[in-house]
Amino acid sequence: MNTANGVVVTDLEGRINFVNPAFLRLWNIADQKQALEKEIQTFFVTDIGLNKMLKHASIQKPAMLEVAGMRKNGTTFPTELIVAPNIDADDILMGAVFTIQDVTDRHTAREMTRRATDERVEAERIKSRLDTVSTLGHAINNPLQNLLALAEIENNQKVAEQVNRIIAIVK
């Protein structure tokens with residue numbers, strides 16, 4: 001079996017009977033014996049709801065959830081877990097077949113999209129504030145220009161200097 005997804009077969013109690021090489025790679029396990037006969041739950045951070053999944057499997061409906069996998073060294077990674085029934089030739093439920101995909105890239109892309117959206121919203125807020133400040137500056141500058149023109153018409157140098165100082169501050 002050559003697949004990028006980990007595949008695990010368990011009995012009805014969740015004890016592992018089979019793992020493929022991809023499962024071993026995902027969990028950095030060197031030897032298949034380190035996984036066999038362990039409960040599948042031991043490879044995940046949170047309760048995967050095995051009983052609930054097996055109930056779904058017993059009525060032949062695959063179940064899917066995202067849950068964090070946990071390696072032996074304690075590192076975690078996001079996975080997508082799909083469980084399907086393992087039914088024998090006599091239609092008796094023997095356990096479950098789990099397909100496990102590392103979805104780290106999906107989570108990274110989702111986080112990058114969220115950050116980009118947050119940055120875009122913040123940039124729009126800043127632009128809006130700058131537009132407001134620009135409008136206010138323009139609204140203040142117009143009357144000052146009128147005062148300056150009146151002061152120059154009346155040859156009032158003292159008023160013209162004061163208006164020019166105010167205009168310099170506003171700009």
Legend entry - Residue match in region 129-137 (condition: surrounded by 12 or more Cβ atoms within 10 Å (Cβ to Cβ), assigned to a helix (DSSP H, G or I) and small (G, A, S)): yes
Legend entry - Count of residues meeting criterion [surrounded by 17 or more Cβ atoms within 10 Å (Cβ to Cβ) and among the small types (G, A, S)] in region 1-34: 3
Inset, instruction - Please name all residue pairs, on different chains or six or more residues apart, with Cβ atoms under 8 Å, provided the first residue is in region 58-75 and is over 21 Å from D11 (Cα atoms) and the second residue is modelled with pLDDT of 85 or more and open to solvent by 100 Å² or more (accessible area, probe 1.4 Å). - result: R71/N28; K72/N28; N73/N28
Inset, instruction - May I ask you to verify whether D102 is of a type in the set (D, E), open to solvent by 40 Å² or more (accessible area, probe 1.4 Å) and either farther than 16 Å from V7 by Cα or free of Cβ contacts under 8 Å to residues at least 24 places away in the same chain (or both)? - result: no
Inset, instruction - Answer yes or no as to whether R125 is farther than 17 Å from F23 by Cβ and at pLDDT 75 or above. - result: yes
Legend entry - Qualifying residue in region 140-159 (condition: modelled with pLDDT of 80 or more, in a helix (DSSP H, G or I) and open to solvent by less than 100 Å² (accessible area, probe 1.4 Å)): no
Inset, instruction - Please go through region 67-90 and pick out each residue that is modelled with pLDDT under 90, open to solvent by 60 Å² or more (accessible area, probe 1.4 Å) and farther than 23 Å from P21 by Cβ. - result: none
Legend entry - Residue list for region 105-117, restricted to those being charged (D, E, K, R) and open to solvent by 80 Å² or more (accessible area, probe 1.4 Å): D105, R106, R110, R114, R115
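The values are calculated or read from the model by the stated rules, or taken from the named source; none is laboratory data. Note that the coordinates shown come from a computational prediction; the quantities given were computed from them, not determined experimentally. Quick reminder, even Gly has a Cβ in these numbers, built from the backbone with ideal geometry, and neighbours come from all protein chains shown. Surface areas here come from the heavy atoms of the whole protein model, side chains and all, with no ligands, DNA or RNA. Shrake-Rupley method; radii C 1.70, N 1.55, O 1.52, S 1.80 Å.
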